[in-house]
Amino acid sequence: MKKISGAILAAALSISLIGCGGNASGSGANSAAGASGGQSGGAAQNGTGAAAGTAASGQVDKVVVGLTASSFDVSPFGTNSIPRQWLAQNLYGSLYCMPYYGATLEEMEPWLAKSIEKVDDTTYSVELYDYIHDSKGNAITSEDIVFSYEHLFTDAQETRINTYLDYIEVVDDQHMLFHLKKYGPGVMEFLAGNYTLTICDKDWFEGASEEERMNDPAVTGAYKIASYTPGAELVLEAVEDYWQTDESLRCSADTQNVKTIQYKVITENSMRSIALENHEIDATVVDASELKRFYDGSALPGWNVNITGGVFCNTIFVNMDSGKSPLADDENLRKAVLYALDSESIMYGGDYDESTAEVCYSFGTSAMNGYQESWVGSDYWGYDPAKAKECYQASGHADGQVTIRLLSRTSIADGIHSVIIANLQAAGFKVELLSYDQALFNSYKNDSSQWDLILDNKGATGPIVSCWDNNFNPAGYTNGSVCFTHDDHLTELLTKATTEGSTEDIQAFHEYLKEIACVKGLFTTYNLMIAQDGILEQKVNGNMMPRVNAYVFAEGYQSVGK
Amino acid sequence: MIRYIGKRLLQMIPILLTVAILIFTLMYFVPGDPVEIMLGDTATPEQIAAARAKFGLDKPYLIRLWNYLVGIVHLDFGTSYLQGSSVASELFLRFPRTLTLASLSILFTIVVGIPIGIQCAIHANKLSDKIWMFLTMLGNSMPGFWLALLLVILFSVKLGLLPSNGTGGLEYYILPVVANSIGSLADIARQTRSSMLEVIRSDYVVTARAKGLPEKEVIWKHALPNALIPIITVCGSRFGFMLGGTVIIESVFSIPGIGMYMVNGINSRDYPVVQGSIIYIAFIFAFIMLITDLIYAYVDPRIKAQYVKSVKKA
């Protein structure tokens, strides 16, 4: 008995020592990964590649990719979700394909539509290929496009269709006229090929059961569902009789560089890294805290790392609803807040650094179209504690007299909250943190009586003016805007920036946002994509998410996936 | 006995109905709108209102409650707002995985925990007893998440013996089962030890020993059956909890079970998912408690006699 007890105790100690003591990134498993060290990187660069190996000329058999979330719907008009942003365009075609984030209509690649021509500001003529069919052989015509756009709004809750599109006029089976409600940068780009837009055959959809829609849909994209286990994995197979037989007319989204794509759900961040190291998956995305296992300024041997620019801006909004917040009626207090916030320290507080995030110099990120290079390093509410203190005192309040309610989410790192609170306290404010889950946060953020400052994460589909329009267009809010501004001049400048989109208009809006001190973009985090080094290039789609079908592989690449 | 089982099954109906009304009411009053989460930042107030109407969220409380209860009677728990799939079929799909994980975990717990408890009781206050009690305390206080990661690092990353995540053959369940069982195992070992200590000192055990019965027979035939009732209670409630879904283990090992489904539903205020999952858990728990009571009757004829009497009186 004593011997058994001793052996078990020793085993328990060994587990602890081995488990805690090892260097995960330098394990034997890694070195077995093969060949030369992949290298790449380049913070905020679109698409990077490893130098190892020669690019494959043909299709590889399989790739296993770790998905970050388990709840998603792959039916034609399913609700948007993170996994859907990765794989919707594997399954369903759109009129045009966005080859990279922020591409303009001229830069977009034809997919189901042969051409999209501007008739006037709010009318576009669309011509479809006349030989499109889905994976079940149904021909796709103009009527299916109209049906799909209607269902995208009613079923998939893609609200921007309703905001942008007035109606689609069918000319014949292959020709349509898109009549828009508004125009400007990003509008037709969205309607032509946003990642949320999916085209599906009307007759098939209406005749299909829920089971078929979920597990065996008729797809217009280059891949079809081979098997789907909700919450666990989704296996896609290249459609053999894909409608676009002319290889020269293929776009980034319907390239078939892989025969079988196995998306495997691994929601826990560190487990995705372990699965990569353990050769259970070929590629995935990781959080900043895991990057050092694969990257130390350049990719570590065995890995290909692709770091792409962030499309979401972590932002502080100031409540501008007069009478509801002490900040709304006192410009000095607002200035004190914005000068007090040190974007760089807040970024570090979230466990990010220069290789995983960057400071924003406007309400938007450098990846967005229209973000001016001249803004970088400019005086954009630069951290100045002395000035913050001065502004606070100019407001006539004693230290600690003004209490600020900071609304945030529990999913935000505590370190970020700590730095923001410390910054504001140093300026003289008293801070009350209201940190809620996403659902509660959403409920309170539109109520001006609930907060004085809000920390939120805001993005756009490409142009920075879309980001501004989403948040400052009074048409989208019952109470002015995202932070309850009621400012006609702001709206006027916004209309000019979103319709004309000239550099001057963008600059004017940016300057005016600064002037009224209602918002400060803090920082954006990069998308971190990691793959085995036999994957030479990890492409991204128009939403900066992995475009697995277009990954470039080394000659003879064999998936490590088990 | 069959009448007793029938009576207990009938008793479940008001329990489940009460749970359904309670959870519906709680979800109704909890702030947080699923439509706002679904539509995101770009939705206008009109679009939000239209979506609320589409999902019936604009109807008064009583009408929504009535519709919900009518659905439950037809075993229709509604459709997930976010995934668009039927909650009942999703629960049905995920149940085998949770059942496999829970069954293997409780089996491991019983097979390892009870013998440890017996050994500790037999050698009470000796060194081996102290070491085991220390280890069980360690097991009880060790967070499942941390233990799971240690096991993965050792057995998957370092030794490459077992898969680190996912579902498939039995090998995929080894690490999750061990990580899931350690806390329960420690509990059951301690419970067994304390029950056995009480029984071992009884007169009939002393008599059995005095008659010259071998020690093994004394322990396994005479002492253990009389010490089993509290152990069965702990096992039953532990199994019930495990069947309700072990969120952390499912999350670490990417097992798409009931726990993960429910937590995702709570976070996104997906009312049908949360309500359906909780009713499932209530049913499973009540059912496991019924099984536990039946096992009481199996191991102790006195309890069986009580059940029969109570049914006759009723």
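Out of (1) under 21 Å from B:Thr167 (Cβ atoms); (2) assigned to a helix (DSSP H, G or I), what's the single condition that is false for B:Asp129?
It is condition (1) that B:Asp129 fails.
For the stretch B:1-75, list the helices (runs of 4 or more DSSP H) that sit wholly inside it and hold at least 3 residues that are modelled with pLDDT of 85 or more and more than 9 Å from chain A (Cβ to nearest Cβ); which are they?
By residue number, B:2-29, B:61-73.
Can you find a residue in the stretch A:290-310 that is in contact with a helix residue (DSSP H, G or I) (Cβ under 7 Å, 6 or more places away or on another chain), small (Gly, Ala, Ser) and surrounded by 23 or more Cβ atoms within 10 Å (Cβ to Cβ)?
Scanning the stretch A:290-310 turns up at least one residue that is in contact with a helix residue (DSSP H, G or I) (Cβ under 7 Å, 6 or more places away or on another chain), small (Gly, Ala, Ser) and surrounded by 23 or more Cβ atoms within 10 Å (Cβ to Cβ).
Could you tell me which residue of the stretch A:446-458 is farthest from the chain's Cα centre (by Cα), considering only residues that are crowded, with 21+ Cβ neighbours inside 10 Å and not acidic (Asp, Glu)?
Looking at residues that are crowded, with 21+ Cβ neighbours inside 10 Å and not acidic (Asp, Glu), I get A:Trp451.
Just to be sure before I move on: is B:Tyr173 closer than 29 Å to A:Phe72 by Cα, outside the structural domain of B:Ile248 (by TED's automatic domain parsing), crowded, with 17+ Cβ neighbours inside 10 Å and aromatic (Phe, Trp, Tyr) in the structure I sent?
Taking the combined requirement at face value, the residue does not satisfy it.
Taking A:Thr498, is it of a type in the set (Val, Ile, Thr), away from chain B (no Cβ under 14 Å) and over 16 Å from B:Gly40 (Cα atoms)?
no
From B:Met142, B:Met196, which residue is in the same structural domain as B:Thr98 (by TED's automatic domain parsing), modelled with pLDDT of 90 or more and either polar (S, T, N, Q) or under 24 Å from B:Phe239 (Cα atoms) (or both)?
One residue alone meets the criteria, B:Met196.
Return a yes/no flag: does the stretch B:111-134 have any residue that is within 14 Å of chain A (Cβ to nearest Cβ) and among the acidic types (Asp, Glu).
Scanning the stretch B:111-134, I find at least one residue that is within 14 Å of chain A (Cβ to nearest Cβ) and among the acidic types (Asp, Glu), so the answer is yes.
Taking the stretch B:201-228, which residues are over 31 Å from the mean Cα position of the chain (by Cα) and within 25 Å of B:Phe134 (Cα to Cα)?
Answer for the stretch B:201-228, where residues must be over 31 Å from the mean Cα position of the chain (by Cα) and within 25 Å of B:Phe134 (Cα to Cα): just B:Arg201.
What are the residues in the stretch A:410-429 that are surrounded by fewer than 17 Cβ atoms within 10 Å (Cβ to Cβ) and within 23 Å of A:Asn446 (Cα to Cα), if any?
Result: A:Thr410, A:Ser411, A:Ala413.
So which residues in the stretch A:271-289 are within 7 Å of chain B (Cβ to nearest Cβ) and part of a helix (DSSP H, G or I)?
A:Met271, A:Ile274, A:Ala275, A:Glu277
Return the total of residues in the stretch B:243-272 being more than 14 Å from the chain's Cα centre (by Cα), assigned to a loop (DSSP other than H, G, I, E, B) and either under 19 Å from A:Thr229 (Cα atoms) or not assigned by TED's automatic domain parsing to the domain that holds B:Phe287 (or both).
4
Which one is nearest to the other protein chains (Cβ to nearest Cβ) among residues in the stretch A:459-480 that are surrounded by fewer than 18 Cβ atoms within 10 Å (Cβ to Cβ) and polar (S, T, N, Q)?
In this case the residue turns out to be A:Thr478.
Just need a number here: residues in the stretch B:234-254 that are under 24 Å from A:Glu268 (Cα atoms) and either facing chain A (nearest Cβ under 8 Å) or surrounded by fewer than 24 Cβ atoms within 10 Å (Cβ to Cβ) (or both).
8
Checking B:Gln83 against (1) over 24 Å from the mean Cα position of the chain (by Cα); (2) under 30 Å from B:Leu197 (Cβ atoms); (3) within 11 Å of chain A (Cβ to nearest Cβ), which single condition isn't satisfied?
Single failed check for B:Gln83: (2).
State which residue pairs qualify: first residue without any contact (Cβ under 8 Å) to a residue 40 or more places away in the chain and inside the stretch A:206-217, second residue not charged (D, E, K, R) in any location, beta carbons under 7 Å apart, and separation of 6 or more residues or different chains.
A:Asn215/A:Ile225; A:Asn215/A:Tyr228; A:Asp216/A:Ile225
Which of the numbered conditions does A:Arg334 fail, given that it passes all the others? Conditions: (1) closer than 26 Å to A:Asn527 by Cβ; (2) out of contact with any Phe, Trp or Tyr (no Cβ under 7 Å at 6 or more places or on another chain).
(1)
The values are calculated or read from the model by the stated rules, or taken from the named source; none is laboratory data. Just so it is clear, the structure is predicted and the values come from calculations on it, not from any experiment. Cβ sites come from the backbone with ideal geometry, for glycine too, and all protein chains shown count toward neighbours.
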